[in-house]
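See below for the structure under consideration.
The values are calculated or read from the model by the stated rules, or taken from the named source; none is laboratory data. Not measured: the values here are computed from a predicted model. Here Cβ is always computed from backbone atoms with ideal geometry, including for glycine, and neighbour counts include all displayed protein chains.
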Amino acid sequence: MAAPESTSTALPRGSRPALDDLSELITDWVRSLRSANKSPRTVIIYRDTGMAFLAFLIENGMPTVASSLTREHVEHYLVHLAERPHRRKPGQKVSPAYVSQQYRALQQLFKWLRTEGEITVDPFDRMSPPAVPEQPVPVLTEPQLSALLATCRGSTFTDRRDTAIIRSCLIPASGSPSWSASSWITSTSRWTSRM
């Protein structure tokens, strides 16, 4: 994919950006988010995403005027994110879930820009979010489950309560244990019945 048209965004020293420049609009957007009583964490994520997108545009000589931004600018940013090394995990790239989070935050920015009349065409129209592969949750093995229950061995209220909590997590809502949990429950019932 070819890089979108470059437009210089360098401003003379001491001048302010245009009112329809993202550097001005992101501040307004954050104010709008706060006035809508969005959670502080959401506001931080959205603000940081908007500022990172703006920094990317400036670093790559792309336009920062809202009405000049296209789908290609957003796609270049998402590709940049997906290929960027993870800041806290050397040797790894950022996760697909992180890229998806950035996509959704930018989508909200452009939705707000359209609502405010700053843009007439939303770059996210007919754009699909990045795919996030499923990551299976590791399941405890029978020895790990036995060791976990062993930490609750005892006759105090706390020990019995903890054992009940752990066991209740192993039995699905139907009331009958799943095949993997049932064999484990049966094999461990000898020592728990003595409590």
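Residue by residue, here is whether (1) modelled with pLDDT under 90; (2) outside the structural domain of V65 (by TED's automatic domain parsing) holds:
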{"residue": "H86", "(1), (2)": "yes, no"}
{"residue": "K93", "(1), (2)": "yes, no"}
{"residue": "Q107", "(1), (2)": "no, no"}
{"residue": "F110", "(1), (2)": "no, no"}
{"residue": "L113", "(1), (2)": "no, no"}
{"residue": "D125", "(1), (2)": "no, no"}
{"residue": "L148", "(1), (2)": "yes, yes"}
{"residue": "T156", "(1), (2)": "no, yes"}
Do you know which residues across segment 130-173 are assigned to a loop (DSSP other than H, G, I, E, B), polar (S, T, N, Q) and farther than 30 Å from L106 by Cβ? T141, T151, S155, T156
Are any of the residues in segment 127-141 at pLDDT 85 or above and surrounded by 14 or more Cβ atoms within 10 Å (Cβ to Cβ)? yes
Test for Q92: is it surrounded by fewer than 15 Cβ atoms within 10 Å (Cβ to Cβ) and either touching a strand residue (DSSP E or B) at 6+ places or on another chain (Cβ under 9 Å) or at positive phi (or both): yes
What number of residues in segment 27-76 are part of a helix (DSSP H, G or I), without any contact (Cβ under 8 Å) to a residue 60 or more places away in the chain and either in contact with a strand residue (DSSP E or B) (Cβ under 8 Å, 6 or more places away or on another chain) or under 21 Å from S100 (Cβ atoms) (or both)? 18
